[in-house]
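**Student:** Take this structure, written in structure tokens, and hold onto it; I'll ask about it next.
The values are calculated or read from the model by the stated rules, or taken from the named source; none is laboratory data. This is a predicted model, so every value here is computed, not measured. Reconstructed Cβ throughout: ideal geometry from the backbone, glycine too, with neighbour counts over all protein chains shown. Just so you know, the surface numbers come from the protein's heavy atoms only, side chains and all, with ligands and any DNA or RNA stripped out. Shrake-Rupley method; radii C 1.70, N 1.55, O 1.52, S 1.80 Å.
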Amino acid sequence: VQLQASGGGLVQAGGSLRLSCAASGRTFSSFHMGWFRQAPGKQRELVARIIGGGTTNYADSVKGRFTISRDNAKNTVYLQMNSLKPEDTAVYFCYVNRYSGRLDEYWGQGTLVTVSS
């Protein structure tokens, strides 16, 4: 199983980026998919997640600005980030997981998002 994250980069405050995370190796339609981020000197935090049925959850700090979506046919999860702020600067990690008697969880390698003021 591999998760390949992409789409990070440098953007000015107020700008937008779209992160993608393509999973391979098995089918993930029944898995939760999502994004965490970790800023320098801070703990990793959940940014957004989407379950198999399409229900989404967001961190309060990104509600109204970020949108998570998934394409099960492509085994891919996306994070559209609008109105970016300098405090959104972090390494963003995608993950997939499912609990079915035991936890199956996989992580991507991280993609850096830098928002300049």
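**Student:** May I ask you to give the percent of accessible area on the stretch 66-117 that is carbon plus sulfur, with a probe radius of 1.4 Å?
**Tutor:** Heavy-atom surface of the stretch 66-117 belonging to carbon and sulfur, 1.4 Å probe: 48 percent.
**Student:** If you don't mind, another one. With both partners inside the chain, how many of the DSSP beta bridges are antiparallel, as a percent to the nearest 5?
**Tutor:** Here the share of antiparallel DSSP bridges comes out near 90 percent.
**Student:** Along the charge dipole of the chain, which of 13, 99, 80 sits closest to the positive end, that is, farthest toward it, with unit charges on the beta carbon of Lys, Arg, Asp and Glu (+1, +1, -1, -1)?
**Tutor:** Final value for the positive-end residue is 99.
**Student:** If the chain between residue 29 and residue 117 were fully stretched, how many nm would it gain, using 0.36 nm times the residue separation less the Cα-Cα distance?
**Tutor:** Between residue 29 and residue 117, full extension yields 27.9 nm more.
**Student:** For the residue pair residue 55 and residue 12, what label-to-label distance in nm results when each label sits 7 Å from Cα along the Cα-to-beta-carbon direction?
**Tutor:** Taking the simple label geometry, residue 55 and residue 12 are separated by 4.1 nm.
**Student:** Reachable lysines from residue 85, Cα under 28 Å, same-chain residues fewer than 8 places away excluded?
**Tutor:** Answer for residue 85, where 28 Å is the Cα cut-off: 42, 63, listed by chain and number.
**Student:** Near residue 116, within a Cβ-to-Cβ distance under 14 Å, what is the net charge of the other residues, with Lys and Arg +1 and Asp and Glu -1?
**Tutor:** Every neighbour counted, the sum reads -1.
**Student:** Where does the charge balance sit around residue 70 when Lys and Arg score +1, Asp and Glu -1, over other residues with C-beta under 14 Å from its C-beta?
**Tutor:** Within the 14 Å Cβ shell, the charges total +3.
**Student:** Which percent of Cα pairs goes in each bin when the distances of the stretch 4-68 are cut into 5 angstrom slices starting at zero?
**Tutor:** P(r) for the stretch 4-68, in whole percents per bin: 4, 14, 21, 28, 21, 8, 5, 1.
**Student:** To continue, here is another question. Enter the Cα centre distance for the pair the stretch 97-113 and the stretch 1-73, rounded to the nearest angstrom.
**Tutor:** So the two Cα centres are separated by 11 Å.
**Student:** Of the options 46, 114, 69, report the single residue whose Cα projects farthest towards the positive end of the charge dipole of the chain (beta-carbon charges: Lys, Arg +1; Asp, Glu -1).
**Tutor:** 69
**Student:** Still on this structure: Which semi-axis lengths, in whole Å and largest first, follow from the square roots of five times the eigenvalues of the Cα gyration tensor of the stretch 66-115?
**Tutor:** For the stretch 66-115, the semi-axes come out at 25, 14, 9 Å.
**Student:** Tell me, what does the Kirkwood hydrodynamic radius of the chain come to in angstroms if you use every pair of distinct C-alpha atoms?
**Tutor:** 14.2 Å
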